[in-house]
Amino acid sequence: MLKKTCVNSIHNQLGAKMAAFAGYEMPIVYSGIKEEHLAVRNSVGIFDVTHMGEFIIEGEEAIDLVQYISSNDAAKLKTGQAQYACLPNDEGGIVDDMLVYKLTENKFLLVVNAANIEKDFNWIEGKNTFNAKLSDISETKGLFAIQGPNAIKVLQKLTAVDLTEIKYYHFTEGKFAGLDDILISATGYTGAGGFEIYFDEQYGEMIWNAIMEAGKEFNIVPAGLAARDTLRLEMGYCLYGNDIDDTTSPLSAGLGWITKLKAKDFIGKNVLLKQKEEGLTEKLVGFVLTEKGIPRKDYDILDTSANKIGRVTSGTQSPSHDVAIGMGYVKTAYAKIDTEILIQIRKKQVKAKVVRLPLGSE
């Protein structure tokens, strides 16, 4: 039996194409991927991401547990701040990527990927030798992502909290849509700006309807997981299970900026230090096709002499730029910007070049 989010009935009423995702019945697309994608880039869209996992780590040594399991340096967080991080494993791979929120001095919220909730919880619990309590609150929490340049105008109608005061990767708790203690976070995975709203699941329909009503003048659209994927791919954001997994190094994945090797000890640190000293054998790159075709996960990446040099991890047609784009791991020598490569699409070798992400940033 698939789980259902708190606004499942609304998705069905809106005619969303629903499919199984991470054990949930989730909306993949409503009006169309391109329409939803461009609405988020240019105005505002709302995503139901209630399927994501939420853990609480609290207690006298909560910070010590967070520091040990996380690649990033949570000691730098002030109350009201969040950071992106990954859970490294003992072999230098990635158990998951996550957000870490500092709620109080001794209380942290971790937000993890839906498909990894059980795996992540067991992993952290197995490493918890500290005076800290780990709780899984995923089943009780709802989460909407309101993304796009007009997100702030829509949400400001529903709260007295000055949203302009919430800096990127900061959050506050306050009254929203008539409800107390709603966590409002200036985060998201689209690159279009906006907020994520955390609430008790029982209020899901009420909050969704309030946001949709407030967003009417900006033509707010409900957006599905397909648009979420094309938006994050244009930005070069990693998707767990595609671009990163238990076997990939955060250093190879371009996540060195959240891997604080000098700041503290953490799981897998010595393996990652060794990788850095010896030099990386492969790197995750972004690329654009210069001929017709769509790259897909696990397609081979070749050099111009048709020798295999890597593999595609994500690929799509970019709705914003109308070109085929992708990400993939290549041998380090081929990771430089503007390097010409080939993508093996069925029986054809299609020309492409390595580009800087986010797409359009050059």
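Observations on the structure shown:
- The residue of the range 183-228 that is farthest from the chain's Cα centre (by Cα), among those that are among the small types (Gly, Ala, Ser), under 13 Å from LEU155 (Cβ atoms) and in a loop (DSSP other than H, G, I, E, B), is GLY215.
- Single residue of the range 230-287 satisfying the filter (assigned to a loop (DSSP other than H, G, I, E, B), among the β-branched types (Val, Ile, Thr) and out of contact with any Ser or Thr (no Cβ under 7 Å at 6 or more places or on another chain)) that is nearest to GLU35 (Cα to Cα): THR248
- A Cβ distance below 7 Å, combined with a sequence gap of six or more or placement on separate chains, defines the contacts here; from the range 269-281, residues that are among the aliphatic types (A, V, I, L, M) reach residues that are assigned to a helix (DSSP H, G or I) in the pairs LEU280/THR332.
- The range 252-265, subset surrounded by fewer than 22 Cβ atoms within 10 Å (Cβ to Cβ) and touching a residue at least 60 places away in the same chain (Cβ under 8 Å), residue farthest from PRO88 (Cα to Cα): ALA263
Conditions tested, residue by residue: (1) in contact with a Cys (Cβ under 8 Å, 6 or more places away or on another chain); (2) on the phi < 0 side of the Ramachandran plot; (3) modelled with pLDDT of 95 or more.
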| site | (1), (2), (3) |
| --- | --- |
| ASN128 | no, yes, yes |
| GLY142 | yes, yes, yes |
| LEU183 | no, yes, yes |
| GLY194 | no, no, yes |
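- Check on LYS331, closer than 30 Å to ILE63 by Cβ and without any contact (Cβ under 8 Å) to a residue 60 or more places away in the chain: no
- On inspection, TYR203 passes the criterion of being out of contact with any helix residue (DSSP H, G or I) (no Cβ under 8 Å at 6 or more places or on another chain), surrounded by fewer than 21 Cβ atoms within 10 Å (Cβ to Cβ), in contact (Cβ under 8 Å) with a residue 60 or more places away in the chain and more than 22 Å from ARG41 (Cα to Cα).
- Within the range 129-139, the set of residues being part of a strand (DSSP E or B) and surrounded by fewer than 17 Cβ atoms within 10 Å (Cβ to Cβ) comprises LYS133, SER135.
- Residue count for the range 324-349, restricted to those that are surrounded by 13 or more Cβ atoms within 10 Å (Cβ to Cβ), in a loop (DSSP other than H, G, I, E, B) and hydrophobic (A, V, I, L, M, F, W, C): 1
The values are calculated or read from the model by the stated rules, or taken from the named source; none is laboratory data. Nothing here was measured: the structure is a model prediction, and the numbers come from that model. Positions of Cβ are generated from backbone atoms using ideal geometry, with glycine treated the same way; all protein chains shown enter the neighbour counts.
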